[in-house]
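I have placed the structure first, in the form of structure tokens, so that the comments after it can refer back to it.
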Amino acid sequence: MELSTTYNPQETEDKWYAHWIEKNYFHSEPNEKEAYSIVIPPPNVTGVLHMGHMLNNTIQDILIRKARLEGKNACWVPGTDHASIATEAKVVRMLREKGIKKSDLSRDEFLEYAMAWKEEYGGKILQQLRKLGASCDWERTAFTMDEVRSDAVYQAFVDLYNKGKLYRGLRMVNWDPEAQTVLSNEEVLHEEETTQLYHVKYQVEGSDEFITIATTRPETIMGDSAIAVHPEDPRYTKMKGKNVIVPMVNRVIPIIFDDYVDREFGTGALKITPAHDVNDYEIGKRHNLEVIDVINDNGTISEAGQVFVGEDRFVARKMAKKKLTELGNLVEVEDYTHSVGRSERTKAVVEPKLSLQWYVDMKSLAEPALDAVVSDEVEFFPKNQKNLYKHWMENIRDWCISRQLWWGHRIPAWYYGEEVIVAKNEKEALIQAKEKTGNSSLTLADLKQDDDVLDTWFSSWLWPISLFDGFNSREEMDYYYPTSVLVTGWDIIFLWVARMIMAGYEWETKRPFDHVYFTGMVRDNQRRKMSKQLGNSPDALALIDKFGADGVRFGMLRSSPAGGDLLFDDKLCDQGSKFSNKLWNAIRLIEGWEIDPNKESNEVDALAAQWFENKTNAILADLETNFKEYRLSEALTNLYNFIWNDYCSLYLEMIKPPYGEGIAASVRDQAKTFYEQLCIILHPFMPFITEEIWHILKERNEGEDCVVSTYPTAGKVDMDLIKTVDQAKDIISNIANIRAKNGLKKFEPLELVAIESDKMNALLHHSGISEMISKVAILKEIRTSADEGVEGASFISGTEKFYVLFEKEIDVAAEIEKLEKDLEYQLGFASSISKKLSNERFVNNAPEAVVNNERKKLADGEARIKIIKEEIEKLKG
């Protein structure tokens, strides 16, 4: 077979993905094998593939492909999230472009438009994930509003309500005036912002006295119900029983005394606006104050405000500033930096608002979920996320789950007069209503269902359960649950991870997953978060078109330390693309070797095979350790170096036949066997090129594909052999450097002189080592000498000294400069080891093997220092 000179990922990737799908390799059903299951963090139906998705799904695919190769029943379940706020906003925008207002439609009409939009545009991201190579079980693709998932949502709601863990209450909420819906605390992002602090004076009724307060929100003054001062503040003792007049509206309100007031802040007097501040609302309850709501749902001033009615709240703020100035009530304005809450989705400034909403009593669910993480029953990677989780769980607040939207799961609550009926569906609601009221003639028309929908996260927190229909069926739950690992971003540890753990213990009395691997944020190489606004987020599909999916997967992983932020640079994707070409060139080289039936393997071939087998066992053990700790970037880096440096650059050079000659069949077969093993090991990271090379290596039977082959296990490792060949490799590298530095031809045979020592003799008499060095370094002779007066370019490998002889005058000054730099480094190295060994705590507490290894490093370093000093003296004459 003639192979093209360069690897073409576009041809390869589409071909093999279609093949895997045709063979149904990604589908899973319960069987006798060990299950390995992952549930995808469901992307929004509004979403398109971005860099965060690329990282997260690359990691999941690596884990699921490795599990499949290990013979486990690998099940990766995909799906999408209905994303109430984001989707409704997109549908409203789409309707507006058609000249249709949401307010002109009935709920059912709007939902028809929304579902049609979802069918046309939603789920594109799942198609895009196929380009990345995601080996999901596409037959299981779920949607948070499909029938099975919706049924789970309604069952969970009813169950919590019946247990008294879910309730309806009038409380202060976070209101998003742009989306016109309530938000949970976790959906509000708080950041320091500089606004203005307005000092406003209120006249004391019946006097010429004034009390000055400071507020950032003069547009809510019309909703004031009191001025509060601290009961022990001597400045206001004489104000007991008095009232003040609210500026702009001239309403009389009382001066009240409350311990909440901070005497040190401003003037020690605080305006109380119960409808628009959480703390003010609590003070208002204690003092039975009137609640005056002056902000409409859309963020404009309400009729109750009396002035600026219909104006946007921020416009009204400017108008209030002007009006207060005209009235003489504005004392001063100063810049003020404080925390401002904004909607995570719309970025609108959140409005505290009193509202009747549905809540989950989170304290009743938190304890087992907290214990699970603290005890590592659910194990976090990296571990430092445990502290963040613990702090949040210990300070958990009730979860507001109702949203004032139409797209989503409509709250399964019906009202008849004062009666509240919670049921899975209309039929059950009507039965309950008849029982509660004793009125058997009631019809559905007599009941009014709650207009709100549930928070999107109320369906997402059930995801590991609902994907396996856990509320209705046991077979799949008992097999796939708990899932093996959740891969997600740390930014949704509260919104999603904590809630899923709570749901797991509430309905399954066990964890939803064994491990949680938190990825970092994808940032550019200036450490900025990627965003459309900054224009620093590359087009994910364009990257795949340019570098191939394998190249992009490589680049994402190489940029991503375990749990740390990913500093993305497409140069790493380019490196991945070049690695693909290196792999391709290796198979072209092997396939290009002609078999010589008269040839047999020699000492170098035997050494190469022994060494590479041991080196493979070592890398397999290293990979396993890294996989267990989810250090996938380190795993790929080590594997990349192993394949590039050890297989391509050394092993193939060791066995390569001389130019124009053939190779022993057994040697080429062994090279292919090793390469086949490398394809399996690399496959989870770079699935497409490994599948392609797998099929080039030899003819395969039907179904004998790399994706479903068997992952190798690590055998015994002969470290002495590895160290011996590593030193030979270092000698070869030093000779190559001398060639380059002195302008010597690559294929000009050189002479190597090794200064005699016990170590040197052991090295050069090791079977195949001298022959290997001669072959790869292109030497005409290796000889030993007790005389150190040899004229040549010197180098040190380990603690052994060598000279390369060639017919060219050596630049003595340059040699001395090189040796002095090496000496400086070796002195620093020895000093650092010496300091470590002089530390009694280290020597007494570290394992004996570690201490002995440090002592050996020091002894070797001191030996190298001695040799370098002697060589410098010799050159100086």
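The values are calculated or read from the model by the stated rules, or taken from the named source; none is laboratory data. Remember, it's a predicted structure, so these values are computed and weren't measured experimentally. Reconstructed Cβ throughout: ideal geometry from the backbone, glycine too, with neighbour counts over all protein chains shown. The area values use the complete protein model at the heavy-atom level, side chains included, leaving out ligands, DNA and RNA. Shrake-Rupley method; radii C 1.70, N 1.55, O 1.52, S 1.80 Å.
For segment 823-854, the residues whose amide N sits under 15 Å from a probe point set 7 Å from the Cα of ILE865 along the beta carbon direction are 823-838.
Just reorder HIS515, HIS391 by solvent-accessible area, largest first, 1.4 Å probe, all chains present.
HIS391, HIS515
For the listed residue pairs LYS716/LYS856; LYS821/LYS856; LYS582/LYS821, the alpha carbons are over 26 angstrom apart in LYS582/LYS821. Placing a label point 7 Å from the Cα of GLU756 along the Cα-to-Cβ direction, the residues of segment 777-793 whose backbone N falls under 12 Å from that point are 784-788. Global size of segment 50-168: 18.6, 57 Å for Rg and Dmax (C-alpha atoms, Rg to one decimal, Dmax whole).
Here the Debye sum runs over all C-alpha atoms of segment 352-402 as equal scatterers in vacuum, and log10 of I(q)/I(0) at q = 0.18, 0.21, 0.24, 0.32 Å⁻¹ comes out as -0.65, -0.77, -0.89, -1.20. When both segment 488-504 and segment 1-16 are represented by their alpha-carbon centers, they are found 42 Å apart. Once the Cα-Cα distance is subtracted from the 0.36 nm per residue extended length, the ARG397 to THR625 segment shows a gain of 78.2 nm.
Given R₀ = 56 Å, what would the calculated FRET efficiency be for ASP787 paired with GLU377, taking r from the Cβ atoms and rounding to 0.05? Result of the calculation: an efficiency of 0.25.
Applying 1/(1 + (r/R0)^6) with R0 = 56 Å to the Cβ-Cβ distance of LEU327 and GLU418 gives a FRET efficiency near 0.80. Relative to the longest principal axis of the C-alpha atoms of the chain, give the angle of the C-alpha long axis of helix 385-394, reported between 0 and 90° and rounded to the nearest 10°. Helix 385-394 sits at roughly 20 degrees to that axis.
Between amide H atoms placed 1.01 Å from N, distances below 5 Å from ASP514 occur with THR483, SER484, VAL485, all of them 5 or more places distant or on a separate chain. Annotation: amide H of ASP452 within the under-5 Å range of ILE411, sequence separation 5 or more or interchain, hydrogens built in the peptide plane. The count of lysine pairs in segment 1-114 whose Cα atoms are under 14 Å apart, excluding pairs fewer than 8 places apart on the same chain, comes to 5.
Antiparallel as a % of all DSSP beta bridges within the chain, to the nearest 5? Looking only at bridges with both residues in the chain, the antiparallel portion is about 70 percent. Between their Cα atoms, which of LYS615/LYS672; LYS801/LYS835; LYS242/LYS271 are more than 19 Å away from each other? Long pairs (Cα-Cα over 19 Å): LYS801/LYS835. Neighbours of ASN73, meaning other residues whose beta-carbon lies under 12 angstrom from its beta-carbon, give a summed charge of -3 when Lys and Arg score +1 and Asp and Glu score -1. Considering only Cα atoms, the convex hull volume of segment 210-351 works out to 121 Å³ per residue. According to the calculation over all Cα-Cα pairs in segment 549-645, the P(r) per 5 Å bin from zero is 3, 11, 15, 18, 18, 13, 9, 7, 4, 2, 1, 0 %.
Using bins of 10 Å that start at zero, the share of Cα-Cα pairs per bin across segment 1-67 amounts to 14, 33, 37, 13, 3, in whole %.
Once the gyration tensor of the Cα atoms in segment 836-877 is diagonalised, the equivalent ellipsoid follows with semi-axes of 32, 9, 4 Å, ordered largest first.
Sorted on the mean count of surrounding Cβ atoms within 10 Å across their residues, most packed first, peptides 753-764, 400-411, 601-612 read 400-411, 601-612, 753-764. Pairs of lysine residues in segment 380-456 that meet both criteria, 8 or more places apart or on different chains and Cα atoms under 18 Å apart, total 7.
Against the chain, whose longest principal axis comes from its Cα atoms, helix 107-121 is set at around 10 degrees. Sequentially through segment 828-840, phi angles give Karplus couplings (6.51, -1.76, 1.60; θ = phi - 60°) of x, 4, 5, 5, 5, 5, 4, 4, 4, 6, 8, 7, 4 Hz, Gly and Pro residues having no value and appearing as x. Once the Kirkwood radius over Cα pairs is known for segment 136-183, the Stokes-Einstein relation at 4 °C and 1.567 mPa s delivers a diffusion coefficient of 94 µm²/s. Applying the Karplus relation 6.51 cos²θ - 1.76 cosθ + 1.60 with θ = phi - 60° to segment 630-635 yields 3J(HN,Hα) values of 6, 8, 6, 5, 5, 4 Hz, where x marks Gly and Pro.
When only alpha carbons are used to place a centre, segment 578-596 and segment 72-114 end up 51 Å from one another. Between the Cα long axis of helix 9-22 and the first principal axis of the chain there is an angle of about 70°, rounded to the nearest 10.
A P(r) calculated from all alpha carbon pairs of the chain, with 20 Å bins opening at zero, reads 12, 33, 29, 18, 8, 1 percent.
Our coupling estimate for segment 723-731, obtained by passing each phi through the Karplus curve with A = 6.51, B = -1.76, C = 1.60 and θ = phi - 60°, is 5, 5, 5, 4, 5, 4, 5, 5, 4 Hz, Gly and Pro reported as x. What the Cβ-Cβ distance of ARG474 and ASP146 gives, at R0 = 22 Å and to the nearest 0.05, is a FRET efficiency of 0.60.
When the scattering of segment 464-605 is computed by the Debye formula from its Cα atoms alone, each counted once and equally, what is log10 I(q)/I(0) at q = 0.16, 0.17, 0.21 Å⁻¹? Taken in order of the listed q values, log10 I(q)/I(0) reads -0.94, -0.98, -1.17.
Compactness ratio for segment 505-575: Cα radius of gyration over 2.2 N^0.38 Å (N = residue count) comes to 1.43. Working from label points 7 Å from Cα in the Cα-to-Cβ sense, the LYS546 to GLN10 distance is 1.5 nm.
Residue ranking by accessible heavy-atom surface, 1.4 Å probe, largest first, among ILE64, ILE492 comes out as ILE492, ILE64.
The calculated Kirkwood hydrodynamic radius for segment 628-668 is 12.2 Å, given to one decimal from all distinct C-alpha pairs. Each peptide in 373-382, 94-103 was scored by the mean count of other Cβ atoms within 10 Å over its residues; highest first, the order is 373-382, 94-103.
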